[in-house]
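Okay, structure first, notes after.
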Amino acid sequence: MEISRPRGTRDFLSKEMKQRKHVENTLKKVFENYGYGEIKTPIFEDLTLFTEKSGEAIKEEIYHFKDKKKRDLALRPELTAPVARLYLNELQKHVKPIKMYYFGSCFRYERPQAGRFRQFWQLGCELIGGKSPEAEAEVITMAAHCLDEIGLKDYEFHIGSLGIIRSLLNDAGISGEEQGQIMGLVDKGDVEELQKFLNNMETSASLKEILLQLIEIKGHNEVIDEVKNIIKNCDEAYNALNDLENLLNHLEAFGFSNYIVNMGIARGLDYYTGIVFEIYVHGLGAQKQISGGGTYNLIEIFGGEQVESTGFAFGFDRVMEALKKQDVVIPVENNVDVFVAPFSDDMRKESFKITQNLRRNGISADVDLARKKIKKVLAYADNLGVKYVVLVGARDIADGKVALKDMESGDQELIDLDRLSQELMDKIQG
Ligand code: HAM
């Protein structure tokens with residue numbers, strides 16, 4: 001019987017892991033440079049953490065189960081709700097804003113396809129409290145900075161405002177559930193279905209018209225006036241637009257202008273209240289969204305005070321795929337610099353001793369464990385791509401020496417055994 005991987009999951013071999021690690025570390029470095037500290041939360045949480053805001057329907061889309069004590073638990077589909085819970089449990093008295101970032105796997109019960117998995121990784125951040133255009137501008141700029149740092153090109157950064165649509169819907173007395181459905185259709189970009197849905201609702205013709213017009217608006221700062229014109233009769237929506245305009249002004253100060261204002265962004269998750277944004281990379285097919293985020297008010301929903309927060313998460317797997325598609329070279333460093341090769345069987349134990357000595361001195365080293373003949377050992381070491389081979393021969397050892405071979409130049413020299421670590425250290429560190 002062959003046991004295969006569960007649907008929608010992947011294995012990663014070490015070359016790919018090295019590349020993922022490199023990108024992960026580069027992104028984390030940017031987060032840290034902006035003052036974010038890394039946190040970790042559990043992979044599974046109380047199911048209510050995810051149903052509280054989204055409703056029972058979300059259960060269809062996530063992995064949930066009862067444990068042995070019949071507690072309802074869920075594998076996290078994302079990390080914003082867990083971070084809000086963490087804030088409520090641990091950080092309510094902390095001075096705000098609080099800057100936290102995370103890297104971890106998430107689970108969604110979705111139909112797998114290219115770029116869409118059942119287990120995937122998110123690298124994201126939450127800026128808790130201190131909602132202001134400058135806070136939002138900094139978060140957005142950091143997201144773009146991250147992508148520049150890893151060498152990703154041609155990404156499209158779309159910024160919108162859920163506050164505007166939500167204000168219009170609130171103003172028209174549309175229920176939360178219906179708002180959710182409308183947002184879902186806007187998120188899918190399914191204008192036809194949206195039209196049908198609005199036609200079946202008892203709302204004014206003008207609201208329908210405003211909504212349909214609004215979600216089509218895309219452009220740079222000049223579209224603000226267009227939006228103003230459309231929403232002029234709704235004060236709340238006007239305030240939300242003001243927030244957006246303020247944000248755009250601040251983005252200039254943070255040095256980021258490469259964005260598109262897009263009124264059609266609705267986001268799949270329903271806790272957003274204000275600014276929202278999504279980043280797309282064309283060439284990834286249907287799953288082109290590599291990141292999403294915005295301003296939300298989740299802590300209040302969980303029973304805390306009103307602490308508005310902003311955050312986003314990169315879909316790490318999609319970022320990796322985008323880098324691959326764009327042929328961005330990601331360094332893959334060899335982990336082993338030195339291979340220790342015994343010339344004959346009686347030199348094996350001596351070789352292990354030498355290897356351990358190198359390792360204890362901080363030099364990455366490997367040794368023949370398969371009792372191969374010297375020719376095969378050298379071929380194996382060559383294949384590993386090591387920089388140096390230490391040849392351990394009985395006659396040299398009797399003189400307290402070993403031969404050190406530079407695999408690139410082919411040069412070989414005799415070295416005193418007690419100077420080997422230092423010699424290698426100097427050579428490797430250049
Ligand atoms: P999200 O848009 O649902 O937002 O997910 C963030 C990113 O995760 C997406 O843009 C996408 O790249 C990636 N992603 C989502 N589902 C999958 C999947 N099945 N397979 C591969 N990648 C996927 C959130 O999760 C929010 N918590 C983001 C946030 C943080 N908002 C505020 N703070």
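The values are calculated or read from the model by the stated rules, or taken from the named source; none is laboratory data. Just so it is clear, the structure is predicted and the values come from calculations on it, not from any experiment. Here the Cβ positions follow ideal geometry from the backbone for every residue, glycine too, while neighbour counts run over all protein chains shown. SASA here: full protein model, heavy atoms, side chains in, ligands and nucleic acids out. Shrake-Rupley method; radii C 1.70, N 1.55, O 1.52, S 1.80 Å.
So that you can scan it fast, the table gives a plain yes or no per residue for (1) open to solvent by less than 60 Å² (accessible area, probe 1.4 Å); (2) closer than 20 Å to PHE12 by Cβ; (3) within 9 Å of the ligand (Cβ to nearest atom):
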residue	(1), (2), (3)
TYR87	yes, no, no
GLN92	no, no, no
PHE120	yes, yes, yes
LEU123	yes, yes, no
GLU126	yes, no, yes
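Does at least one position in region 61-77 carry a residue that is within 21 Å of the chain's Cα centre (by Cα) and surrounded by fewer than 19 Cβ atoms within 10 Å (Cβ to Cβ)? Yes: one or more hits. Of everything listed in (1) open to solvent by less than 50 Å² (accessible area, probe 1.4 Å); (2) at pLDDT 95 or above; (3) not in a strand (DSSP E or B), the single unmet condition for LYS353 is (1). The residue of region 279-317 that is nearest to HIS158 (Cα to Cα), among those that are within 12 Å of the ligand (Cβ to nearest atom), open to solvent by 20 Å² or more (accessible area, probe 1.4 Å) and charged (D, E, K, R), is LYS288. The set of residues from region 35-58 being within 15 Å of the ligand (Cβ to nearest atom) and open to solvent by less than 60 Å² (accessible area, probe 1.4 Å) comprises TYR36, ILE39, THR41, GLU45, LEU49, PHE50, SER54, ILE58. For ILE164, state whether it is away from the ligand (no atom under 15 Å from the Cβ), buried (at least 22 other Cβ atoms within 10 Å of the Cβ) and in a helix (DSSP H, G or I). Taking the combined requirement at face value, the residue satisfies it. Within region 107-158, the set of residues being outside any strand (DSSP E or B), over 17 Å from the mean Cα position of the chain (by Cα) and within 20 Å of ALA81 (Cα to Cα) comprises TYR109, GLU110, GLY129, GLY130, LYS131, ALA135, GLU136.
Filter region 128-149 down to the residues that are open to solvent by 20 Å² or more (accessible area, probe 1.4 Å) and modelled with pLDDT of 95 or more, then identify the one that is nearest to the ligand (Cβ to nearest atom).
Among those that are open to solvent by 20 Å² or more (accessible area, probe 1.4 Å) and modelled with pLDDT of 95 or more, it is GLU138.
Whenever a residue of region 390-406 is within 13 Å of SER344 (Cα to Cα), its partners that are among the hydroxyl-bearing types (Ser, Thr, Tyr), lying with C-beta atoms within less than 6 angstrom and at least six residues away or across chains, give the pairs VAL392/SER351. Considered as a group, the residues in region 318-345 that are touching a strand residue (DSSP E or B) at 6+ places or on another chain (Cβ under 8 Å) and among the basic types (Lys, Arg) include one that is farthest from the ligand (Cβ to nearest atom), and that residue is LYS325. May I ask you to verify whether GLN287 is among the polar types (S, T, N, Q), touching a residue at least 40 places away in the same chain (Cβ under 8 Å) and either touching a helix residue (DSSP H, G or I) at 6+ places or on another chain (Cβ under 7 Å) or closer than 19 Å to GLY129 by Cβ (or both)? Judged against the criteria, GLN287 is a match.
Pick out the one residue from ILE275, ILE231 that is buried (at least 20 other Cβ atoms within 10 Å of the Cβ) and within 16 Å of the ligand (Cβ to nearest atom). It would help to see each step written out before you state the result.
Working: ILE231 fails: within 16 Å of the ligand (Cβ to nearest atom).
Answer to the check: ILE275.
When region 1-43 is filtered for residues that are under 14 Å from SER105 (Cα atoms) and touching a residue at least 40 places away in the same chain (Cβ under 8 Å), the ones remaining, listed by number, are GLY8, THR9, ARG10, ARG20, GLU24, ILE39, LYS40, THR41, PRO42, ILE43.
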